[in-house]
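Reviewing the structure listed below.
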Amino acid sequence: MPNRLFMKRVLITGAAGFLGSHLCDRFIKEGYYVIAMDNLITGRIENLEHLFGHKYFEFAHHDISNYVHVAGDLDYILHFASPASPIDYLKIPIQTLKVGSLGTHNLLGLAKAKGARMLIASTSEVYGDPEVHPQTEEYWGNVNPIGPRGVYDEAKRFQEAMTMAYHRYHGVETRIVRIFNTYGPRMRLNDGRVLPAFIGQALRGEDLTVFGDGSQTRSFCYVDDLIEGIYRLLMSDYAYPVNIGNPDEITIAQFAEEIIKLTGTSQKVIYKELPKDDPTQRQPNIDKAREILDWEPKVSREEGLKITYEYFKSLPEEELYKKEHNDFEGYIRK
Ligand code: UDP
């Protein structure tokens, strides 16, 4: 067993979330001391339950939009705290703006004070409804700042700007990953995202709700591939944004058909209104990740969907019928 005095220490924010919890697993596996931080607004403590009691793991229940204190050294900070599904950030828009701006600022200050390298989770949403396809990192985006998605998109754009400023002005070592649609075990069944929505509907014997005519496209990356890309980016010396995602693009209507086949449901597709500013197409150009990180996704959608379906099936049945896993009421009023 390593001596904890000489272990590398990493702070992961949003640690109880879908991606944060997978990152905790990865860093524990790599032999790091992991400090997991989350305010549990959208994160689920169940995602970390298996790590409680681990010698090199600790959990801090904290909202990073307030001053962040961590005792001792820090080698790395991975900033994954933010609501990330449209349903969530529409419900808690102010918290979404705060965690992307104030939260990021607090963590950059911490990184500077500790001499830690910091990686921030950015998003394909910085490209908005893109006019360049597939999206390269050089594209500046087409974002509506005052639309419903603006609270997320602009917080993430500001987060990138703030990160580059700390890098340029204070010399903080920073990394920026632009994450495209990702799926896998530990997504919240009722977070409103298309994959858990469709699988949940199939498991409950409901029709699958396709928004709009279903011709909008997305490109889905399996979580293990994404975590590998993030790990490589953190260890690289590249400070500019890098797209990590799977370029295998599909329309949402086709995706619904795949889920119908996967689950064997006898339900059909029904069409609902397309949400405002819903991007019409999305596919990452991953040339940079290939070149700089020698990374590309390995898990096919067929394989990844099977694993994810098994996960959702293994959840207690009452999970299927919970409207929400989290109660936002108190936060909305603040
Ligand atoms: N979508 C859908 N039915 C649902 C949930 C989502 O057709 O029940 C669509 C949504 O309008 C979008 C796509 O699926 O075009 C992906 O939505 P998601 O919320 O997963 O993420 P986004 O990529 O829009 O951030």
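Where a number appears in this text, it was derived from the coordinates with a stated rule and is not lab data. Since we're looking at a predicted model, the values are computed, not measured. Note that we place each Cβ from the backbone using ideal geometry, even for glycine, and neighbour counts take in every protein chain shown.
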**Message:** Under 8 Å for C-alpha pairs, at least 6 residues apart: give me the relative contact order for the stretch 189-334, rounded to a whole percent.
**Reply:** 36
**Request:** Pairs of Cα atoms under 8 Å, at least six residues apart: use those to get the relative contact order of the chain, whole percent.
**Result:** 17
**Fill in**
Lys and Arg at +1, Asp and Glu at -1: neighbours of A16 with Cβ under 9 Å from its Cβ sum to -1
**Amide H contacts of L274 (H built 1.01 Å from N, under 5 Å, at least 5 apart or other chain)** = G212
**Message:** If you average the alpha carbon positions of the stretch 219-236 and of the stretch 97-158, how far apart do those two centres end up, in angstrom?
**Reply:** 18
**Asked** So what is the relative contact order for the stretch 124-180, in percent, with contacts set as C-alpha pairs under 8 Å and at least six apart?
**Response** 30
**Fill in**
For D207, other-chain or 5+-apart residues with amide H closer than 5 Å (H placed, Pro excluded) are none
**Request:** Just flag the trypsin sites (Lys or Arg not before Pro) in the stretch 24-88 sitting in loop per DSSP whose Cβ has no more than 16 other Cβ atoms within 10 Å.
**Result:** K55
**Message:** Given the DSSP H assignment, sum -39500 (n - 2.57) over each helix run of at least 4 residues in the chain and divide by its residue total; what's the result at 222 nm in deg cm²/dmol, nearest 500?
**Reply:** -11000 deg cm²/dmol
**Item:** R4 paired with E173, simple spin-label distance in nm, labels 7 Å along Cα-to-beta-carbon
**Value:** 2.4
**Item:** Fewest-first sequence of E154, E249 by Cβ atoms within 10 Å of each Cβ
**Value:** E249, E154
**Prompt:** Taking the inverse of the average 1/r across all pairs of different Cα atoms in the chain, what Kirkwood radius in Å do you get?
**Reply:** 20.3
**Asked** How much of the DSSP beta bridge set in the stretch 158-305 is antiparallel, as a percent to the nearest 5?
**Response** 25
**Complete:** Violations at 18 Å Cα threshold for listed pairs K55/K114; K8/K114; K261/K298; K268/K323 -> K55/K114; K261/K298; K268/K323
**Request:** Multiply the residue gap between K268 and D287 by 0.36 nm, knock off their C-alpha separation, and tell me the result in nm, one decimal place.
**Result:** 3.1 nm
**Request:** Pull up the DSSP beta bridges for the chain and report the antiparallel fraction as a percent, rounded to 5.
**Result:** 10
**Sequence-distant residues sharing a close amide H with T182 (under 5 Å, placed H)** = C221
**Calculated on alpha-carbon atoms, Rg and Dmax of the stretch 1-113 in Å** = 13.8, 45
